[in-house]
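Student: This structure is in structure tokens; I'll ask about it shortly.
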């Protein structure tokens, strides 16, 4: 992909932020979002002049670097006034951030390191600035930038990964451990996902390097704060012989704080099928995917629940729900297969075909289930 393609992607993404931006792009670029999408699918046919059209939307300001204490809006204020789109404050900042990220990627590919560092600093992309310093061999400057500027988990995680890839693994892990220990426990945090993701990465990396204590510390921080199947499995792997003692606590905690989907996934992984079915019924979350995975263990219970849900959807007037109803009925069919009662399924299917024969869209969907019967052994 050449630079023009990257600009196209940028323009297309921006045009989808809201309707006003889309209209603005159509006027300024003489291209609609639909036309941009077509061009994206045919990058070899892109008009080279398009890059020039797009270039005016993002100009790196000349002159001295702005001071660190400048506001995020400074990056917009430095643009020529006539070349700025009128945008609301929040969408504008999101868009500028995305623009900068793409522009930095282009500068990196073109080997324009000084311009890259200048723009990253101006735009306060501190993690990208620090990573580029590290890539240029200025590890001390990179670390200083991280300690002075980083506030978010995503900055530390991307920086730690970069240092690790550059061979500064001990430094990466030490910095990650120090920062994460300050952040846990994280009660009342609005968004724990970036922190727990960082802790999970650190645990996996430490385990691979034989740092068992660090791995155990951070997989437990990640799992007990935000349990997922992947973390449960990593916890089990790292714990080794300790797992038998730790497993009951891990499962008990899961019941207290886990999201329904993650609880079910872990129960299915552990073969706790009855517990999985119970929580799915209680939380009204027995979607076709889970029903298919449990039907062989509880054919009658799954059949009754899925049939009820399917018929509820079929009675409605929203045709978008009919394909979902048929997905539930496919589970019903499977439940009869498990019990070798396909004759009962045939009877039910004929009943449904008769019942909903005047409902547009339903009979053809049901007929597909009947057609599948022909290939059923």
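Student: Taking only pairs six or more apart or across chains, which ones have beta-carbon atoms under 6 Å, a first residue in the stretch 341-359 that is loosely packed, with under 14 Cβ neighbours inside 10 Å, and a second residue that is at pLDDT below 95 and part of a helix (DSSP H, G or I)?
Tutor: Between residues of the stretch 341-359 that are loosely packed, with under 14 Cβ neighbours inside 10 Å and residues that are at pLDDT below 95 and part of a helix (DSSP H, G or I), the close pairs are 357/363.
Student: Next question, about the same structure. Tally up the residues in the stretch 149-180 that are part of a helix (DSSP H, G or I), without any contact (Cβ under 8 Å) to a residue 12 or more places away in the chain and within 25 Å of the chain's Cα centre (by Cα), please.
Tutor: Residues that pass the stated criteria total 1.
Student: Of all the residues that make up the stretch 192-217, how many are in contact with a helix residue (DSSP H, G or I) (Cβ under 6 Å, 6 or more places away or on another chain) and surrounded by fewer than 17 Cβ atoms within 10 Å (Cβ to Cβ)?
Tutor: Count: 1.
Student: Can you tell me which residue within the stretch 223-240, out of those that are in a helix (DSSP H, G or I) and at pLDDT below 95, is farthest from residue 268 (Cα to Cα)?
Tutor: 225
Student: Evaluate the stretch 119-126: report whether one residue or more is assigned to a helix (DSSP H, G or I), closer than 17 Å to residue 176 by Cα and without any contact (Cβ under 8 Å) to a residue 40 or more places away in the chain.
Tutor: The answer is yes; a qualifying residue exists.
Student: In addition: Please indicate, with yes or no, whether at least one residue in the stretch 298-310 is farther than 30 Å from residue 263 by Cα and under 34 Å from the mean Cα position of the chain (by Cα).
Tutor: no
Student: Report every pair of residues separated by at least 6 positions or lying on different chains whose Cβ atoms are under 7 Å apart, first residue within the stretch 97-108 and more than 14 Å from residue 124 (Cβ to Cβ), second at pLDDT 75 or above and surrounded by fewer than 17 Cβ atoms within 10 Å (Cβ to Cβ).
Tutor: Qualifying pairs under 7 Å: 107/115.
Student: Another question, if that's okay. Looking at the stretch 241-256, is at least one residue within 24 Å of residue 179 (Cβ to Cβ), without any contact (Cβ under 8 Å) to a residue 24 or more places away in the chain, within 28 Å of the chain's Cα centre (by Cα) and assigned to a helix (DSSP H, G or I)?
Tutor: First, pick out the residues of the stretch 241-256 that are within 24 Å of residue 179 (Cβ to Cβ): none.
Looking through the stretch 241-256, none of the residues is within 24 Å of residue 179 (Cβ to Cβ), without any contact (Cβ under 8 Å) to a residue 24 or more places away in the chain, within 28 Å of the chain's Cα centre (by Cα) and assigned to a helix (DSSP H, G or I).
Student: On to the next question. Which one of these is out of contact with any strand residue (DSSP E or B) (no Cβ under 8 Å at 6 or more places or on another chain), surrounded by 13 or more Cβ atoms within 10 Å (Cβ to Cβ) and over 30 Å from residue 243 (Cα atoms): 319, 288?
Tutor: 288
Student: Among the residues in the stretch 353-365, are any in contact with a helix residue (DSSP H, G or I) (Cβ under 9 Å, 6 or more places away or on another chain), in a loop (DSSP other than H, G, I, E, B) and under 28 Å from residue 264 (Cα atoms)?
Tutor: no
The values are calculated or read from the model by the stated rules, or taken from the named source; none is laboratory data. Everything numeric here is computed off the predicted structure, so don't read it as measured data. Positions of Cβ are generated from backbone atoms using ideal geometry, with glycine treated the same way; all protein chains shown enter the neighbour counts.
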